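*Asks:* The following block contains the structure, expressed as structure tokens.
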Amino acid sequence: MTETADAAGPPAYPMPRTCPFALPEQYARLREEEPLARVLLPTGREAWLATRYEDVRRLFTDANLSADRVHPGFPALLSGQQAIDRRGFLPWMDPPEHTTYRRMVISEFTVRKVETLRPAVTRTVQECLDRILAGPRTVDLVQELALPVPSLTICELLGVPYGDREVFQSRARLMTDRNTSGPDRLNSLVELRAYLHGLVLRRQAEPREDLLSRLAVRYREAGVEDAEHLTGMALLILVAGHETTANMIALGTAYLIEHPDLRDTLVKDPSLVPKAVEEMLRYFSISDHSTGRVALADIELGDTTIAAGEGVLLSNAAANRDARAFERPEEFDLSRESPSHVAFGYGIHQCLGQNLARLELDVVFTALLARLPDLRLAAPLAELPFKNDTIMYGLHELPVTW
Amino acid sequence: MSAPAVRRAVVDRDVCVGAGQCVLAAPDVFDQSDEDGLSYVLVDPLPEELTPSVRDAATRCPARAVQLEAGAGAGAETGAAAETGTGADPAADRQPTGPSPA
Ligand code: HEM
Ligand code: SF4
């Protein structure tokens, strides 16, 4: 395939992951031979693909690269994104708009604030595990643990009342299920938006002690009386924090099951779990396809010029396995010290929810290893439905037994 | 790295994006305000033993908002400089808001 690629034009992107825990095979060659390569997108357009750690970090901080999905040069992987109501969607904004709205929410995601959610996250995780242990000895861990933990955590964070959580969760679940048809998926998104819009209106009228209420007050103080915008922000927090974390839980569990030495080490010393989580983030780099940009002016990178109007894909996955930055990058290594991986991106859009994600993953793996140390796959690894067909990498299902 | 000790750390609050990397890397030096979520420095000047962790914080900071001042004689360095040890990083110049002099 690579042989004919040159004659046939640039290689197609996204590139498939052929082994569940490895990156697309082409990345290693591109990183060495063509660190800024032309690729062909599913939309028929071409874009640049950056694969080296230093280049990717540099591009992430380049103010001449825009995250605006509406820009005609944006390297979209799906068509039709331009049509989506983008109000409130931080990752699609550029400064100064981005700065204004990110600042409205930063204080909700500080290390200290996130830590206050630990008891609630722990309760959610323990309840999921109670249910799993009380039921049949084969379950789909995606449905029973990986999806409910982040969705209930986000309910807690946003201040979704207990009575409404089932409505919220069922729609969120439909949205991520591959068996949901296109129209149904859109419909569940519309219903979730409508639900959140109602909640926003209630909190605007009668603020409480929760994120949405505080945001409503901050929006008002900033002179933005736009309930749709606030709804968009709430929806973003849900969408950005739900499937991402779920995929990490599912992949991490599968990885631990397949690597008994690592699992035993963590069972013996749970204080190493945060290190394992950090390494999982680097190793899986599930959001590899979410970090596209478009050049607003010419940008020089080495001998290459990214011309104004051209799209660039910043491969955080390729960067995270660059031997220039990580010794023996293909090894899963608990003793790794810095430099920091770019699985949460870098620059002004760096993941707002990263400390919450770390907390959730820490709590989940610690509890899972304590209560189900003998977890096994209920199907061969090679037959598991890895998400090679979605933007975000992960698992559609994870059948396990014990 | 045998880089000189860092005497001061400064957070440029105009460019901080509140990701808290500095707090994770050097909890004794940085904290995020409850008010606006932006980072600020807890200790000034810095005791020498904190040099490795503030360098780590400067490298991790996604907005390159953590600036370090080395011991006598050396000028201010940004996170990028601290990381590569080679001085200026072209990307640092393209920040939407340039680093303010400490
Ligand atoms: C392990 C799970 C997660 C991964 C791998 C992940 C990854 C990312 C990445 C790569 C970006 C940057 C996108 C870009 O540069 O264009 C990002 C942004 C973002 N993430 Fe996450 N994320 C995770 C969990 C979460 C959670 C739990 C939340 C919230 C509850 C969240 C909220 C956000 C938000 C709001 C942004 C946009 C920030 C901005 O544009 O300023 N993420 N995430
Ligand atoms: S790491 Fe940088 S951007 Fe993040 S809180 Fe600290 S100073 Fe601000």
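The values are calculated or read from the model by the stated rules, or taken from the named source; none is laboratory data. Bear in mind that the values here come from a model prediction, so they are computed numbers and not experimental data. FYI the Cβ positions are ideal-geometry reconstructions off the backbone, even for glycines, and counts take in every protein chain you see.
*Asks:* Among the residues of region A:394-402, are any within 16 Å of ligand 2 (Cβ to nearest atom) and not polar (S, T, N, Q)? Write out each step before concluding.
*Replies:* We begin by selecting, within region A:394-402, every residue within 16 Å of ligand 2 (Cβ to nearest atom); these are none.
No, because not a single residue in region A:394-402 is within 16 Å of ligand 2 (Cβ to nearest atom) and not polar (S, T, N, Q).
*Asks:* Now for a different question. Condition first: over 18 Å from A:ALA323 (Cα atoms), surrounded by fewer than 17 Cβ atoms within 10 Å (Cβ to Cβ) and of a type outside the set (Lys, Arg). Now tell me which residues in region A:20-49 satisfy that.
*Replies:* Matches in region A:20-49: A:LEU40, A:PRO42, A:THR43, A:GLY44, A:GLU46.
*Asks:* Within region A:300-322, can one find any residue that is closer than 30 Å to A:THR138 by Cα and more than 16 Å from the chain's Cα centre (by Cα)? Break it down stepwise before answering.
*Replies:* Step one: list which residues in region A:300-322 are closer than 30 Å to A:THR138 by Cα, which gives none.
Within region A:300-322, not a single residue is closer than 30 Å to A:THR138 by Cα and more than 16 Å from the chain's Cα centre (by Cα).
Here is a yes/no grid of residues against (1) of a type in the set (Gly, Ala, Ser); (2) surrounded by fewer than 16 Cβ atoms within 10 Å (Cβ to Cβ):
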residue	(1), (2)
A:GLY292	yes, no
A:SER315	yes, no
A:ALA319	yes, no
A:ASP322	no, no
A:PRO329	no, no
A:SER335	yes, yes
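*Asks:* Please go through (1) within 24 Å of A:GLN350 (Cα to Cα); (2) among the charged types (D, E, K, R); (3) over 20 Å from the mean Cα position of the chain (by Cα) for A:ASP164 and return the number of the only condition it doesn't satisfy.
*Replies:* In the conditions (1) within 24 Å of A:GLN350 (Cα to Cα); (2) among the charged types (D, E, K, R); (3) over 20 Å from the mean Cα position of the chain (by Cα), A:ASP164 misses (1) alone.
*Asks:* What about B:LEU42, is it surrounded by fewer than 24 Cβ atoms within 10 Å (Cβ to Cβ), within 7 Å of ligand 2 (Cβ to nearest atom) and at pLDDT 95 or above? It would help to see each step written out before you state the result.
*Replies:* Values: surrounded by fewer than 24 Cβ atoms within 10 Å (Cβ to Cβ): yes; within 7 Å of ligand 2 (Cβ to nearest atom): no; at pLDDT 95 or above: yes.
So B:LEU42 fails the test.
*Asks:* For region A:299-315, state whether one or more residues are modelled with pLDDT under 95 and acidic (Asp, Glu).
*Replies:* There is at least one residue in region A:299-315 that is modelled with pLDDT under 95 and acidic (Asp, Glu).
*Asks:* With the requirement that a residue be small (Gly, Ala, Ser) and either away from ligand 2 (no atom under 16 Å from the Cβ) or farther than 18 Å from B:THR59 by Cα (or both), what does region A:309-342 give you? Don't jump to the end; show me each part of the working.
*Replies:* First pass over region A:309-342, keeping only residues small (Gly, Ala, Ser): A:309, A:311, A:315, A:317-319, A:323, A:325, A:335, A:338, A:340.
Correct list: A:GLY309, A:GLY311, A:SER315, A:ALA317, A:ALA318, A:ALA319, A:ALA323, A:ALA325, A:SER335.
*Asks:* I need a count of the residues in region A:99-131 that are crowded, with 20+ Cβ neighbours inside 10 Å and more than 9 Å from every other protein chain (Cβ to nearest Cβ).
*Replies:* Going through region A:99-131 one residue at a time, the tally reaches 6.
*Asks:* Within region B:23-32, identify whether any single residue is part of a strand (DSSP E or B), at pLDDT 95 or above and more than 9 Å from chain A (Cβ to nearest Cβ), and answer yes or no.
*Replies:* Step one: filter region B:23-32 for residues part of a strand (DSSP E or B), giving B:30-32.
Remaining after also requiring at pLDDT 95 or above: B:30-32.
If we keep only those that are more than 9 Å from chain A (Cβ to nearest Cβ) too, we end up with B:30.
Yes, region B:23-32 has at least one match.
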